Amino acid sequence: MLTIQITQGKARRASFDTVHGTVQTPAFMNVATAGAIKGAVSALDLKELKCQVQLCNTYHLHLRPGDETVKKLGGVHRFTRWDGPILTDSGGFQVFSLAKLRNIREEGVTFSSHIDGHKIFMGPEESMRIQSNLASTIAMAFDECVENPAEYSYARHSCERTTRWLYRCKAEMERLNTLPDTINPHQMLWGINQGSTYEDLRLEHMKQIRELDLPGYAIGGLAVGESADEMYRVIEAVEPEMPADKPRYLMGVGTPVNILEAVRRGVDFFDCVMPTRNARHAHLFTWQGRRNLLNAKYALDDTPLDEECGCHTCKNFSRAYLHHLFKSGEMLGMRLAVMHNIYFYNTLMEKIRYSLEDGTFDSFYSQYAQILGQRI
């Protein structure tokens, strides 16, 4: 259940209760694709990095180690040792990202595994069964994410199919949650709004899927080729039609500035691989802007990465040492950088929540919307 505590304009400060704990929103979900954060960061580390929700990838865990294996080991919580809420995506994004290896039809999608090329079929029922085996807190509906820009006619047919798939997802999840061997009979299904960048398709699709009265709704199919301004336009168009008493999740987004802009437009949940992916390439987010630690100017810089940050990395190591680790190819460099970026993102969300609580979100937004996006 979502409890809205404060609003400031469209921005919302709320809490969301789940069987695995309460999430304070707005919140960023840290991406543990195969059950681990890339960069040698474990679920136990996440506790120290202010993480609230771990996000795992249905498709990848289905391939390795296999969802049946995870179920035998007690579900993804016990497997990864993360005891807070976990959201699993549906595998639907792979319909988009593995475009050259897929065949979409009404029943579902046939993939070729990116690992060894073997054929995999996944439809709404298969996706729900895999996610039920994983026993996540929140399961995402199986959908199709189309590339932007997309032809209007294809985007319309894709929306219609995604709606039909959502009904099948709901029916299958309701069945699975009644089975005696289901690990998490309280698993929630969240629906996904699609429609490319066409406002009329987005609005019509949102009106259709909200009729299912699901526990949460996502805006999907953005940050896949369109400009930031187009993304913000779509959010603004869809938000009034999203249930006010349900969580709103913007999938796969994004930069700190994207998050500020989307919170300002009424979004509650976010996820993105950007903080960890960028960190592994020595690109760090700080309260002064973005730093590239590969730059030679850091070779003799004995100051902390970010003097305003309280993470383990910033409290203990210098920019010069991190520069050296990356130049030397040492894994520790990746780990320390990933830990910093995760801490930074979760602290950003914490500060957004505080600013909403004390009525200063507009000034917080004005102060950081430009700074956080600039390169140092």
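Each reported figure results from applying straightforward, stated rules to the coordinates on display, with no laboratory input. Owing to the predicted nature of the structure, the values given are computational and were not obtained by experimental measurement. So basically every Cβ, Gly included, is an ideal-geometry build from the backbone, and we count neighbours across all protein chains shown.
Assorted remarks:
- Among Q52, Q208, Q187, residue whose mean-square fluctuation peaks in a GNM of the chain (springs only between Cα atoms under 10 Å): Q208
- Take the Cβ atoms of S112 and L73, set R0 to 30 Å, and the FRET efficiency comes out at 0.65.
- Annotation: cysteines of the chain without a disulfide-compatible partner (Cβ-Cβ under 4.7 angstrom) are C51, C56, C145, C159, C169, C272, C311.
- Over 19 Å [Cα-Cα, the stretch 69-207], rounded percent: 54 percent
- Sequence-ordered 3J(HN,Hα) estimates for the stretch 261-274 from the Karplus curve with 6.51, -1.76 and 1.60 and θ = phi - 60° stand at 5, 6, 4, 4, 9, x, 8, 10, 10, 9, 8, 5, 7, 4 Hz, glycine and proline given as x.
- With both residues required to sit in the chain, DSSP beta bridges show an antiparallel share near 50%.
- Normalised by residue number, the volume inside the convex hull of the Cα atoms of the stretch 304-360 is 67 Å³ per residue.
- Hydrodynamic analysis of the stretch 1-155 uses the Kirkwood radius over alpha carbon pairs. Inserted into Stokes-Einstein at 25 °C and 0.890 mPa s, it gives a translational diffusion coefficient of 145 µm²/s.
- Ordering M128, M122 from the fewest to the most neighbouring beta carbons within 10 Å gives M122, M128.
- Whole-Å semi-axes of the stretch 219-259's equivalent ellipsoid (Cα gyration tensor): 18, 11, 9
- Residue (of L87, F16, M140) at the positive-pole extreme of the chain, dipole from beta-carbon charges: L87
- A quarter of the convex hull surface defined by the alpha-carbon atoms of the chain gives 17.9 nm² as the mean projection.
- Around F16: net Lys/Arg minus Asp/Glu count, Cβ-Cβ under 15 Å: +1
- Axis angle, to the nearest 10 degrees, between helix 319-328 and the longest C-alpha principal axis of the chain: 60 degrees.
- The stretch 158-209: C-alpha pair distances exceeding 12 Å, %: 66 percent
- Exceeding the 26 Å Cα-Cα cut-off - candidates K50/K72; K170/K246; K10/K170: K50/K72; K10/K170
- Sorted by Cβ neighbour density within 10 Å, fewest at the top, the residues S136, S363: S363, S136
- Cβ-to-Cβ counts within 10 Å put Y198, Y167 in ascending order as Y167, Y198, the fewest first.
- Calculated FRET efficiency for the pair H60/N103, C-beta based, R₀ 30 Å, to 0.05: 0.90
- Taking all Cα-Cα distances within the stretch 226-376, those exceeding 24 Å account for 37%.
- Per-selection Rg to Rh, the stretch 129-220 - Cα, Kirkwood hydrodynamic radius: 1.03
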